[in-house]
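Enquirer: Quick one: structure below, then a few questions.
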Amino acid sequence: MSRVLVTGGAGFIGSHVVEALSRAGRPVTILDDFSTGRRENLRDLEAVGAEFDLVEGSIADAAAVERAMRDVTGVVHLAALPSVARSVERPLDTHHACATGTITVLHAAALQKARVVYAGSSSAYGNQQAKFKQEDLREDPLSPYSASKLAGELYCRAFARVYDLRVVVTRFFNVFGPRQPADSPYSGVVAAFCRALLRGEAPRVDGDGLQSRDFTYVEDVVDGVLRCLDGETRGCVTVNLAYGQATTVMALYEQLTAHARELLGRDDLPAPKHAPPRAGDVRHSLADTARARETFGFEPRVGFADGLKRTFEWYRTGSGRSAQ
Ligand SMILES: NC(=O)c1ccc[n+]([C@@H]2O[C@H](COP(=O)([O-])OP(=O)(O)OC[C@H]3O[C@@H](n4cnc5c(N)ncnc54)[C@H](O)[C@@H]3O)[C@@H](O)[C@H]2O)c1
């Protein structure tokens, strides 16, 4: 059966992609340098019977990428240094992983004639006026992270033209779920809020908390990624993978607090603590999801509310190691 290379397979989203592919009986190779990924994610995968080959190395190292590409017919390219805040502090590292790493992976995939799914980012849209972010809007990167992820997208388009590479650029919005690190200054807001509430600490809200996001549960994103991998599109297609549902950060706090009250039986949960807004953050981020539905039959199965409950439960029951 056709082998799939998952770059960044030891990371949050990558480990779920590996699990889903393995469950479907597909051979998987992981390429990861563990810069933000975790070995315990791979141990979790082994515990649920997932099988994979591991190549430890960087996506910016052509020799490591060539090794990982052996016998591969499809690539899910997720490896990157995510986080807007980290990219403001370390723009060159971000560029190296996201842009140089991506061209290295695309070049090897083109030689191998493998189909590629690239993890793009909704940050490409920046602060545009349009309420729903549609894939054909002009890009407007606000941070080094966003610019380097967009550079990766541009390489996808160029490689589709000159090497006839088949690529799908999937733009993720705010993905959340089990295995998302909760203990780093760069943690996603859902993970950080779960951790704070479980520790009885005040969650930190950047700015007024009225910024909104299209929070998407990881299992639904993975389902979309696999549809794109198995699709038959040619050239380079760009597609949003999200719910098309906006939630403000304050509304997220309210919903998680309600779960926490119910599950922990506590009424004394702390109010959030506001911090200054973060540089490079967009104000509103909401996906137009028509193309994902029409081109790849993408229909989310879990949804925001259930995904949030499952995620809080994962951190609460101790499976969420990084919440402790
Ligand atoms: N989580 C989100 O909300 C979100 C939103 C938009 C886009 N994305 C994109 O999705 C992808 C996965 O994100 P995630 O949240 O799972 O992050 P993550 O940090 O958990 O995963 C990234 C993985 O890539 C690996 N990696 C980083 N640099 C590498 C390098 N040079 N060589 C090899 N491996 C390397 C890390 O070790 C890690 O395992 C990224 O491309 C990110 O830009 C994520």
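The values are calculated or read from the model by the stated rules, or taken from the named source; none is laboratory data. In this text the structure is predicted, and so the values were computed from the model without any measurement. Note: ideal-geometry Cβ built from the backbone for every residue, glycine included; neighbour counts use all protein chains shown.
Enquirer: Going by the conditions given, is residue 72 over 21 Å from the mean Cα position of the chain (by Cα) and crowded, with 17+ Cβ neighbours inside 10 Å?
Expert: yes
Enquirer: Residues being assigned to a loop (DSSP other than H, G, I, E, B) and surrounded by fewer than 24 Cβ atoms within 10 Å (Cβ to Cβ): count how many of those fall in the stretch 1-15.
Expert: 2
Enquirer: So which of 239, 205 is assigned to a strand (DSSP E or B) and surrounded by 24 or more Cβ atoms within 10 Å (Cβ to Cβ)?
Expert: Among 239, 205, only 239 is assigned to a strand (DSSP E or B) and surrounded by 24 or more Cβ atoms within 10 Å (Cβ to Cβ).
Enquirer: Just for the stretch 49-61: of the residues that are more than 12 Å from the ligand (Cβ to nearest atom) and either in contact with a Pro (Cβ under 6 Å, 6 or more places away or on another chain) or not charged (D, E, K, R) (or both), which one is farthest from residue 26 (Cα to Cα)?
Expert: Among those residues, the one meeting the criterion is 49.
Enquirer: Do we have residue 80 as surrounded by 15 or more Cβ atoms within 10 Å (Cβ to Cβ), within 13 Å of the ligand (Cβ to nearest atom) and not in a strand (DSSP E or B) here?
Expert: For residue 80, the condition - surrounded by 15 or more Cβ atoms within 10 Å (Cβ to Cβ), within 13 Å of the ligand (Cβ to nearest atom) and not in a strand (DSSP E or B) - is met.
A quick yes/no check of all residues on (1) assigned to a strand (DSSP E or B); (2) out of contact with any Lys or Arg (no Cβ under 8 Å at 6 or more places or on another chain); (3) more than 12 Å from the ligand (Cβ to nearest atom):
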site	(1), (2), (3)
87	no, yes, no
97	no, yes, no
101	no, yes, no
116	yes, no, yes
131	no, yes, yes
136	no, yes, yes
147	no, yes, yes
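Enquirer: In addition: Applying the selection to the stretch 279-289, what residues are under 20 Å from the mean Cα position of the chain (by Cα) and either of a type in the set (A, V, I, L, M, F, W, C) or in a loop (DSSP other than H, G, I, E, B) (or both)?
Expert: If the condition is that a residue be under 20 Å from the mean Cα position of the chain (by Cα) and either of a type in the set (A, V, I, L, M, F, W, C) or in a loop (DSSP other than H, G, I, E, B) (or both), then 280, 281, 282, 283, 285, 286, 287, 288, 289 are the ones that fit.
Enquirer: Still on this model: Among the residues of the stretch 310-323, are any free of Cβ contacts under 8 Å to residues at least 24 places away in the same chain and of a type in the set (Val, Ile, Thr)?
Expert: Yes, there is a match, as at least one residue in the stretch 310-323 is free of Cβ contacts under 8 Å to residues at least 24 places away in the same chain and of a type in the set (Val, Ile, Thr).
Enquirer: Consider the stretch 27-48. How many of its residues are within 12 Å of the ligand (Cβ to nearest atom), over 16 Å from residue 82 (Cβ atoms) and among the hydrophobic types (A, V, I, L, M, F, W, C)?
Expert: So the answer is 3.
Enquirer: Pairs, please: C-beta under 8 Å, at least 6 apart or cross-chain, first residue of a type in the set (Phe, Trp, Tyr) and modelled with pLDDT of 95 or more and in the stretch 7-25, second in a helix (DSSP H, G or I) and within 11 Å of the ligand (Cβ to nearest atom)?
Expert: 12/41; 12/218
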